[in-house]
Amino acid sequence: MVSLRRWLNAAFGVSVLAFSPFAVRAEGLSLAEAQRRALANAPQIDASDAGVRASRELAVSAGRRPDPVLRLGVDNLPVTGPDAFTIGNDFMTMRRVGVMQEFTRGEKLERRRDRYEAQAVKGEAEREAAVTSVLRDVALAWIDRYYAGRIVDALVDERDQALQEVEAAQALYRSSRGSQADVLAARLSVANIEDRIGEAQARRQAADAGLARWVGTNDPASPAGPLDIGTVPEHLLAPHVAELEFHPDVVAATRAVDLAQADVRIAEAERNPDWTWELSYSHRGSAYSDMVSVGVSVPVPWDRPNKQDRDIAAKRAFLDQAAAQREVMLREHRAEVSALVAEWKGGLARLRRFDAEILPLARERGEAALAAYRGLKGSLGDVLAARRASIETRIQRLQLEAETARAWAKLNFLFPVDLPARGRP
């Protein structure tokens, strides 16, 4: 059977790009490529694959009866007298060879096999959850690195503009229309921006390490952007319980309920004991007749209310526990999706406000303050205050876009594939 990872590696170039609303318009590491690399190097998927294979093997083994038991022995061997430890002289001494076989009921074998099949199906659901988790976590790491780089670029741009303010202050000072204090204040503003650039570069390096964890290289290429975070799948905008049943964590919890139900069926089947048959051939001395023995062993469930029945009650309690945990998970994910949709919508609305009003006003304020200062109609303090406001506004806007993009990624990679193409779990 072709593993899920091989299928994903073959189809990822088409499926992710078709599903993802990313619009790559620059060279660099695309999100699809980062996710493809991560899937090819994800040990958690290897672990899931191994677990599924183990369960499949155990399913075959559990459907077989126990191996027969070969029994060899010597019965009634004298240990005292003239025939002590002698075989063949005493009429009661026998060399015995036999075979014993437990005949497990077919119902038990079938239920044991079904139990491991259910465990394999649960493992496949967990593998799908692991794949989805990798896709989501890679997207978040990619977004962190992308916006860390954009913040550095924004600060560098602000520093370049602040250098123009230094030049303006120096020009006015040389023409005796400004003060040395203004020059020093402008240079201090540049130094403060340089410090923030250093801090932002350190965060970019940390984001590089976070992305490198997934893509399998210590020096990943810069993410290719920008992003189109304006749309998410329609079915997530008003999530219903039926749709959230496709969530990989909920599917895995559903399979855990199926596994617990299989354990209940096994416990119920164990109420009826299995019989063990034995056939043996006993050889005595040449003066005596050989003998054949046939026997059967049957366990006696003399305390069924306190043993078998309690085992069944325990398995049913575990079933109730699994069902309750599934319900809790379903409610948690419904609340999570609703919160993410609200965060995403609110972020988009705020971004539109930043682009339409806040950023243009901050830019115009800075230009007006610098023009007034150069024309000796304003103070350098106004220029520097406008510069600080411009920096904070741009950084806030980028941070808001990053938070909105993270909410977008969590929504877009909430499910492994689009819901309409899936069957019910």
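Before moving on, here are some points about what is shown:
- The range 47-81, residues that are acidic (Asp, Glu) and at pLDDT 90 or above: Asp49, Glu57, Asp67
- Residue match in the range 259-272 (condition: without any contact (Cβ under 8 Å) to a residue 12 or more places away in the chain, over 39 Å from the mean Cα position of the chain (by Cα) and under 24 Å from Thr104 (Cβ atoms)): no
- Applying the set (1) within 35 Å of the chain's Cα centre (by Cα); (2) modelled with pLDDT under 90; (3) farther than 30 Å from Glu33 by Cβ; (4) in a helix (DSSP H, G or I) to Ala238 leaves exactly one unmet item: (4).
- Of all residues in the range 74-107, those that are closer than 24 Å to Pro299 by Cα and touching a residue at least 12 places away in the same chain (Cβ under 8 Å) total 10.
- If you go through the range 52-95 and keep only what is exposed (fewer than 15 other Cβ atoms within 10 Å of the Cβ), in contact with a Ser or Thr (Cβ under 8 Å, 6 or more places away or on another chain) and part of a strand (DSSP E or B), you end up with Arg71, Val74, Asp75.
- Tabulated pairs, the range 279-296, first in a loop (DSSP other than H, G, I, E, B), second surrounded by 11 or more Cβ atoms within 10 Å (Cβ to Cβ), C-beta under 6 angstrom, 6+ apart or interchain: Arg284/Met94; Gly285/Gly88; Tyr288/Phe91; Asp290/His283
- Every pair of residues 6+ apart whose Cβ atoms lie under 9 Å, when the first sits in the range 113-135 and is closer than 24 Å to Ile266 by Cβ and among the aromatic types (Phe, Trp, Tyr) while the second is modelled with pLDDT of 95 or more and not in a helix (DSSP H, G or I): none
- Residues that are assigned to a helix (DSSP H, G or I), among the acidic types (Asp, Glu) and either over 24 Å from the mean Cα position of the chain (by Cα) or under 19 Å from Thr217 (Cα atoms) (or both), drawn from the range 96-153: Glu107, Glu110, Asp114, Asp137, Asp144, Asp153
- Residue match in the range 350-372 (condition: in a helix (DSSP H, G or I), within 20 Å of the chain's Cα centre (by Cα) and of a type outside the set (D, E, K, R)): no
- The range 357-413, residues that are surrounded by fewer than 20 Cβ atoms within 10 Å (Cβ to Cβ) and polar (S, T, N, Q): Ser379, Thr393, Gln396, Gln399
- Considering each residue of the range 212-222 in turn, none proves to be aliphatic (A, V, I, L, M), within 30 Å of Arg352 (Cα to Cα), modelled with pLDDT of 85 or more and not in a strand (DSSP E or B).
- Restricting the range 157-187 to residues that are farther than 17 Å from Gly225 by Cβ and under 43 Å from the mean Cα position of the chain (by Cα), the residue that is modelled with the lowest pLDDT: Glu158
- Candidates Ala339, Ala323, filtered to the one that is out of contact with any strand residue (DSSP E or B) (no Cβ under 7 Å at 6 or more places or on another chain) and without any contact (Cβ under 8 Å) to a residue 60 or more places away in the chain: Ala339
The values are calculated or read from the model by the stated rules, or taken from the named source; none is laboratory data. Keep in mind that this is a model prediction, so the values were computed, not measured. Virtual Cβ from ideal backbone geometry, glycine too; neighbours counted across all protein chains shown.
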